[in-house]
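Comments concern the structure below.
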Amino acid sequence: MTAPRIFVFGMGYTARAFARALGEGGIIAGVTRANFDTADIGDATHLLISVPPGDADPVLARYRAAILTAPALQWIGYLSSVGVYGNYGGAWVTERTTPHPKSPRAVARLRTEREWGGLALQRGVPLAVFRIAGIYGPGRNTFVNLSEGKAHRVVKPGQVFNRIHVHDIATVLAAAVAGNAAGIFNLADDEPAPPQDVVTHAAAMMGVVPPPQVQFADADLSPMARSFYEDNKRVLNRRIKDELGVELRYPTYREGLTALWREGTWRDETK
């Protein structure tokens, strides 16, 4: 079987981890928003889109015609967010759950998912949409926030979040590319947990005093940070296991934080 030739739009934190996981095999090129105009997708068999949409999706706006005529294209993957589900009051959501996003960011994500679905249908290739929970890993985690004095223990009764280690995201993406997977996949860990519990656990591992608990109503949060607390849901990840055969290396934040701390990789995203 011929190795995939993957072109990545948006070489951010997650896409860089994916590229490192693949090593020399697979990625033929990747561009950031700053150099979209240099993109040449003519040799690509697979496209991975890792760009937030804003008012419109910049890849669709610039490359729709090129994608529709790309001669070797076999698959498209779009990185989205579990934020598209909206608020379910702490109930479990699956890929079949009806999204009802409220925030402008999540509304734009859902709209862009559907636009990519229309393009993939027109082009006649499978589309995989990856709805991703809160991402953490080397260089981007609670240890970093604690060391920089940016960690908070905000308490909102009943509030939980899923998260996922960037290594596990890369594993899912590699499996999806290998099988030209299609459909929606939730990328989340096994244990939705209160955010203050994660901070308390990380502080204990570091041997530092955790920041004081603050009630949500009294917390000094940015508008964006506050908006995350408007949605409350538990994200079920069964499809990545049953259909892609992925076993999470870090099924909860405990395994993920323990590895980052013991391996000394929590400071550096390239590890």
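Within the chain, the longest run free of exposed loop sites, counting GluC sites (Glu not before Pro) that sit outside DSSP helix and strand states (H, G, I, E, B) and have at most 10 other Cβ atoms within 10 Å, spans 25-147.
Write down the accessible area per residue of region 144-271 in Å², having rolled a 1.4 Å probe over the full set of protein chains.
Working: 6280 Å² over 128 residues.
It amounts to 49 Å² per residue over region 144-271.
Note on region 1-56 and region 139-170: Cα centroid distance 26 Å, given to the nearest whole angstrom.
Taking the accessible area of region 1-122, probe 1.4 Å, and keeping the other protein chains in place, the carbon and sulfur fraction comes to 55%. Taking every alpha-carbon pair under 8 Å whose residues sit at least 6 apart, the chain reaches a relative contact order of 21 percent. For the chain, the direction-averaged projected area of the alpha-carbon convex hull comes to 14.3 nm². The Cα atoms of region 117-204 cover 50, 28, 20 Å along the three principal axes, with the biggest extent listed first.
For region 157-261, the relative contact order comes to 47 percent (Cα pairs under 8 Å, sequence separation of at least 6).
Measuring nothing but protein heavy atoms, the accessible surface of region 125-212 at 1.4 Å probe radius is 58 percent carbon and sulfur. How large is log10 of I(q)/I(0) for region 87-152 at q = 0.12, 0.18, 0.27 Å⁻¹ when the intensity is taken from the Debye formula with one equal scatterer per alpha-carbon? These q points yield log10 I(q)/I(0) values of -0.53, -0.90, -1.15. Averaged per residue, region 1-99 has 45 square angstrom of accessible surface, using a 1.4 angstrom probe with ligands and nucleic acids left out.
The values are calculated or read from the model by the stated rules, or taken from the named source; none is laboratory data. The structure displayed is predicted, hence computed values, not measured ones. Ideal geometry is used to build each Cβ from the backbone, glycine not excepted, and the neighbour counts take in all protein chains shown. The area values use the complete protein model at the heavy-atom level, side chains included, leaving out ligands, DNA and RNA. Shrake-Rupley method; radii C 1.70, N 1.55, O 1.52, S 1.80 Å.
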